[in-house]
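In what follows, a structure is listed as structure tokens, so that the remarks can point back to it.
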Amino acid sequence: MSENIVVSGIRPTGVPHLGNIRGALQQWVNLQDNHNCFYFVADWHALFGLEERSREIAENTKKAVATLLAIGLDPDKSTIFIQSHVPAHLTLFTIFSAITPVGWLERNPTLKDMVRADQPLPYGLLGYPVLQAADILLYKGTMVPVGKDQQPHLEITREIARRFNNLFGTDCFPEPQAVLNESPVLPGTDGRKMSKSYNNVISIEDDKDTIVNKVKQMITDPEKIRKTDPGHPDICTVFQLEKPFVDGTYSADIYQRCTEGRIGCVEHKNMLAEIIWDYLRPKQEKYFYYLEHEEQLKKIVDYGDKRAQEVAQKTIEEVMDIIGL
């Protein structure tokens, strides 16, 4: 087992979709065999981000855990837990809040994207990166799987770790490094980034007919009217969504057939719907199994919560001793 400690979380803000699964979550699965991994459902972050109300967070938390298990996370390899079930997250967040300059948080480039124009800025949202730092450093995380948009938050985590270590003359906290996800951002059914906020997702709960109907509505190449017209796959959303789910030979063949006018858009959409369904179906079966067996789901969460709590408590005891409280 590597000495590297991987820490990452998923916000319970709705039903997980294909972009989540094929991107960040697949990376989590890939890391669990060779690293000590802590993966959590970030329900405090959902509340702090003003994204959901409490009853929605509770339901979405169950769906998030079911998804993590369905895609291949193993509770014996990865510590899978719920953020709010480990009180030490808020304890360390409070300690870090005492030493983090407000200016660091105001410079956060993603803050303006998170603030709602019709509401005042809450302290919790401003302090979102401080809680994220507590999430990571509580487990002495050294590796954090992130997308490019999350790198500024991780830099704040490193700054907080350095500031704490310098202020108290310790080497308590490491400076975690980003593990960038190389998977491409999946386009949604409207061509924009797949996102629940755009309502353009294919979710883990979609049945085959729903997937077929969603793919049918996707825009291809506006200049390819007939099957025999030469197409331009580079601007086709169907082709771009398909690429991460097929090998290079398959993709190259589709590219050539499209540009030579040997495949029509309707045929290609039907092929894509089948590919996505074949990919999602086994995961969906496991997902619904866990949602239907809540006691089993709870036992897995309790097991992960306990493992996380043991590690977190050691860190908090160390920190309290360092700061003299």
(message) What's the ranking of 70-77, 236-243, 120-127 by average number of surrounding C-beta atoms within 10 Å, highest first?
(response) 236-243, 70-77, 120-127
(request) Using only Cα atoms, locate the centre of the stretch 194-236 and the centre of the stretch 138-162, then give the distance between them in Å, rounded to an integer. (result) 35 Å
(message) Less than 25 Å apart at the alpha-carbon level, and either on another chain or at least 8 residues along: which lysines does that give for LYS299?
(response) LYS62, LYS63, LYS77, LYS283, LYS286, LYS314
(message) From the C-alpha coordinates alone, can you work out the Kirkwood hydrodynamic radius of the chain, in Å?
(response) 21.4 Å
(request) Would you work out which of ALA308, ALA133, ILE322 lies farthest towards the positive end of the dipole of the chain? Charges go on Cβ: Lys and Arg +1, Asp and Glu -1. (result) ALA133
(message) Helix-only estimate, please: 222 nm mean residue ellipticity of the chain, summing -39500 (n - 2.57) across DSSP H runs of length 4 or more and dividing by its residues, to the nearest 500.
(response) -15500 deg cm²/dmol
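Once the Cβ-Cβ distance between GLU175 and SER97 is put in as r, and R0 is 22 Å, what FRET efficiency do you end up with, to the nearest 0.05?
Numbers: r = 19 Å, r/R0 = 0.88.
Calculated transfer efficiency: 0.70.
Computed FRET efficiency, Cβ-Cβ of VAL266 and ASP76, R0 51 Å: what is it to the nearest 0.05?
Values: r = 46 Å, r/R0 = 0.89.
Here the calculated transfer efficiency is 0.65.
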(message) For the stretch 206-287, take the convex hull of the Cα atoms, compute a quarter of its surface area, and give me that in nm², please.
(response) 5.2 nm²
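Every number in this text was worked out from the coordinates using simple rules, so none of it is lab data. What you see is a predicted model, and the numbers here were worked out from it, not measured in a lab. For neighbour counting, all protein chains shown are included, and Cβ atoms are generated from backbone atoms with ideal geometry for every residue, glycine included.
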